[in-house]
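Contents: one structure, followed by commentary.
Just so it is clear, none of the values below were taken in a lab; they were calculated from the coordinates. Note that the structure is a prediction, hence the values are computed from the model and not measured.
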Amino acid sequence: MSSENKEEILHENEENKAQDMQQVGAEVNNEAAAAVEIEDDEDELAKYKADLEKEKDKFLRLFAEFENYKRRTSKERVELFKTAGQEVMQAMLPVLDDFDRAMTEIQKAKDKNLQKGVELISNKLRETLKAKGLKQMEVKTGDAFDADLHEAITQIPAPKDSLKGKIVDVIESGYQLGEKIIRYPKVVVGQ
């Protein structure tokens with residue numbers, strides 16, 4: 001082979017080596033770029049996961065808050081319906097007291113028909129109010145005085161030792177509407 005051919009072959013080999021080196025360098029650059037891209041994708045994925053968790057937390061809190069709101073308003077609505085007629089019932093209590101006083105006075109009279117008529121009207125009114133949830137509190141002489149359930153209007157010396165700290169007389173009946181006391185019984189307590 002001639003020296004020119006050898007040089008040409010050497011030159012071609014060097015060019016091929018240079019091209020191979022460039023190709024290897026490009027592949028390495030591509031792999032490095034892909035690795036950086038993967039890291040960027042992983043960072044972005046982690047950011048999206050964190051955002052998703054934050055949104056899930058906000059949703060769960062909002063849902064729980066809404067459930068509490070529904071429960072609270074439902075409870076308030078039930079309470080409202082139970083005591084919706086409280087003002088009307090309180091306005092009727094003096095009428096019931098008047099019937100009690102009338103019955104006491106009519107019993108002193110000898111007219112049994114009058115007594116029976118007033119008694120029928122009183123019972124009808126009481127049953128109607130009872131059907132609407134009004135209940136008279138049972139308080140009698142000798143019961144223990146409880147400041148949470150009774151209203152003491154006065155204290156007197158106890159007629160008997162057994163009535164000390166107990167109810168001596170009931171001046172005015174107490175009433176409940178459902179479980180709520182709308183008028184406390186007024187009582188006299190023995191000292």
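Which helices count as membrane-span-like in the chain under these terms: full DSSP H, at least 27 Å along the axis by C-alpha, Kyte-Doolittle mean of -1.0 or more?
Details: long enough: 3-82 (116 Å, -1.29); 86-108 (34 Å, -0.27); 112-131 (28 Å, -0.69).
Once both thresholds are applied, what remains is 86-108, 112-131.
Checking the a/c ratio against 1.5 first, then a/b against b/c, what shape does the Cα gyration tensor give for the stretch 83-190?
Working: a/c = 2.81, a/b = 1.26, b/c = 2.23.
Since a/c reaches 1.5 but b/c is at least a/b, the shape of the stretch 83-190 is classed as oblate.
Under 22 Å Cα to Cα from LYS116, which lysines show up? Leave out anything in the same chain fewer than 8 places away.
LYS108, LYS124, LYS130
Mind pulling up the Rg/Rh value for the chain? Radius of gyration and Kirkwood radius, both on Cα. Walk me through the intermediate numbers first.
Working: Rg = 47.0 Å, Rh = 25.8 Å.
Taking Rh as the inverse mean 1/r over Cα pairs, Rg/Rh reads 1.82.
Under a straight-distance cross-link criterion of Cα-Cα below 17 Å, which lysines are reachable from LYS140, leaving out those fewer than 8 residues away in the same chain?
Once the sequence-local lysines are set aside, what remains near LYS140 is LYS160, LYS164, LYS166, LYS186.
From Cα pairs below 8 angstrom and at least 6 apart in sequence, can you work out the relative contact order of the chain, rounded to a whole percent?
16 percent
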